[in-house]
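Notes follow the structure.
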Amino acid sequence: MNLTFDILVINPGSTSTKIAWYKNDVEVWAKTIRHSLEELSKFDGVIKQLDFRLGAVEGAVKEMGYSYDMLDAVIGRGGIVDPPMPGGVYEVEEVLIEHLKMCKPWEHASNLGGLMANAIAGPRNIPAFIADSVATDELDDIARITGLPELPKCSLAHTLNIKSVVRKAAKELGGDWRKLRFIVAHLGGGFSICAHRDGRMVDLNNANENGPFSPERAGTVPSGDLVRLCYSGKYNIKGLRRKLVGESGFVGYLGTNDVREVKERVKKGDEKAALVYRAMALQVAKEIASYSATLEGEVDAIILTGGVVYDEDFAAMVTERVQWIAPVLVYPGENEMKSLAENALRVLRGEEKAASYADVVRNYKEREVV
């Protein structure tokens, strides 16, 4: 029996492709391949970049002195598909490939993850996987109701890291992650805060559209004023979306998305920076507290994770406001690559069975008929 598995992890971003080689859950090497805007501008859409990115990855693997023929599996970052899927590990199969190529309802670089994994794994007759897609949907039906029937809540979150820290916290607490209740706050460029109950993300904010403001996103804003801004003539739809996701939060108030820079300004007595800094911590705490209602007040732990919580002062400000709900655990960073490797490893070891996206599509169609 093979006790050591070689796994290639692929994480495509908008202008980069991160790759890492793992032996079981130990990283052997990692590399970030940068793609210039000039190179990417030659392609009409993300999916057309597939062969270009595959060539870059193959070159990087050879440069490290490795060969695809050494691999036992390849796993890519999960993309956005319609219908969305529950969390977990999925084998890349024809139905999934078809839906990843559609890029519905949005085009996203992560859709290349499964396609690249399949292109490498297929000719070598080894499995290709994706895991915990950014569009993972495990919401309770009650959580989908927003007050405006035309605009139900959409499940879009930093699922990969959220699921990873939930497993880590459950292990520390000595329990089964599928039977515990957590509130997880992933705090990076965007903020995903969710209620995680019995293995599912049952309620959450959409990191691009609501919840707390973040270093570069607006979060929930007054809806009436937003409508008036839309019709003010100052913005087209592309410009306003860019303002809400990319030019708001710290960027809008302080001109930077760098938390470290904001901290330096606070230390130097910048009162505006201090106010905005404290306001972001307050909004995070309020969002966390709101999900304690989703969990009926029964919370085993609150988890703070993501790049922002490397800032111990910020983590402490949030903790001070929410520690009355449950113990607070802090896991800085994202660890997406390691999480992907661990997901593939569980399947290779037989600890978990890979799910089928074909089953997700079939069940969705059956519910539509009913």
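The values are calculated or read from the model by the stated rules, or taken from the named source; none is laboratory data. It should be emphasised that the depicted structure is a prediction, and the values quoted were computed from it without experimental measurement. As a convention, Cβ positions derive from the backbone with ideal geometry for all residues, glycine included, and neighbour counts pool all protein chains shown. The accessibility values were calculated without ligands, DNA or RNA, using every heavy atom of the protein model including side chains. Shrake-Rupley method; radii C 1.70, N 1.55, O 1.52, S 1.80 Å.
List of remarks:
- Selection within segment 194-214 - modelled with pLDDT of 95 or more and either of a type in the set (Lys, Arg) or closer than 22 Å to Leu275 by Cα (or both): Arg197, Arg200, Gly211, Pro212, Phe213, Ser214
- Scanning segment 113-141 for residues that are touching a residue at least 24 places away in the same chain (Cβ under 8 Å) and under 17 Å from Leu204 (Cβ atoms) gives Asp132, Ser133, Val134, Ala135, Thr136, Asp137, Glu138, Leu139, Asp140.
- Here the condition is being closer than 19 Å to Ile75 by Cβ and among the acidic types (Asp, Glu); of Asp132, Asp137, it holds for Asp132 alone.
- Residue count for segment 315-326, restricted to those that are touching a residue at least 24 places away in the same chain (Cβ under 8 Å), open to solvent by less than 40 Å² (accessible area, probe 1.4 Å) and part of a helix (DSSP H, G or I): 2
- Of residues in segment 65-107 being open to solvent by 60 Å² or more (accessible area, probe 1.4 Å) and under 15 Å from Gly13 (Cα atoms), the one modelled with the lowest pLDDT: Trp106
- Some residue of segment 327-342 being closer than 30 Å to Glu298 by Cα and aromatic (Phe, Trp, Tyr): yes
- Residue in segment 219-226 that is surrounded by fewer than 16 Cβ atoms within 10 Å (Cβ to Cβ), of a type in the set (Ser, Thr, Tyr) and more than 30 Å from Val309 (Cα to Cα) present: no
- Residues located in segment 290-304, provided they are open to solvent by 10 Å² or more (accessible area, probe 1.4 Å), touching a Phe, Trp or Tyr at 6+ places or on another chain (Cβ under 9 Å) and among the hydrophobic types (A, V, I, L, M, F, W, C): Val299
- Unmet criterion (only one of (1) in a loop (DSSP other than H, G, I, E, B); (2) touching a residue at least 12 places away in the same chain (Cβ under 8 Å); (3) touching a Leu at 6+ places or on another chain (Cβ under 9 Å)) for Glu351: (2)
- Residues in segment 1-50 that are outside any strand (DSSP E or B), of a type in the set (Val, Ile, Thr) and either closer than 14 Å to Asn111 by Cα or open to solvent by less than 60 Å² (accessible area, probe 1.4 Å) (or both): Thr15, Val46, Ile47.
- Qualifying positions in segment 51-92 - small (Gly, Ala, Ser), assigned to a loop (DSSP other than H, G, I, E, B) and more than 15 Å from Ser110 (Cβ to Cβ): Gly65, Ser67, Gly88
- Filter result (open to solvent by less than 40 Å² (accessible area, probe 1.4 Å), closer than 20 Å to Ile303 by Cα and in a loop (DSSP other than H, G, I, E, B)) within segment 138-167: Glu138, Leu139, Ser155, Leu156, Ala157
- Cross-chain or 6+ apart pairs with Cβ under 6 Å, segment 198-224 first and aliphatic (A, V, I, L, M), then part of a loop (DSSP other than H, G, I, E, B) and surrounded by fewer than 18 Cβ atoms within 10 Å (Cβ to Cβ): Val202/Asp140
- Residue in segment 327-339 that is farther than 23 Å from Ile130 by Cβ, of a type outside the set (A, V, I, L, M, F, W, C) and open to solvent by 40 Å² or more (accessible area, probe 1.4 Å) present: yes
- Summed over segment 168-178, the residues that are assigned to a loop (DSSP other than H, G, I, E, B) and exposed (fewer than 13 other Cβ atoms within 10 Å of the Cβ) give a count of 3.
- Of the residues making up segment 115-137, those that are open to solvent by 10 Å² or more (accessible area, probe 1.4 Å) and either of a type outside the set (A, V, I, L, M, F, W, C) or over 23 Å from Gly55 (Cα atoms) (or both) are Asn118, Gly122, Pro123, Arg124, Asn125, Pro127, Val134, Asp137.
- The helices (runs of 4 or more DSSP H) found wholly in segment 246-314 and carrying at least 3 residues that are of a type in the set (S, T, N, Q) occupy 271-294.
- Of the set (1) over 16 Å from Ala117 (Cβ atoms); (2) hydroxyl-bearing (Ser, Thr, Tyr); (3) in contact with a Lys or Arg (Cβ under 8 Å, 6 or more places away or on another chain), all apply to Tyr68 but (1).
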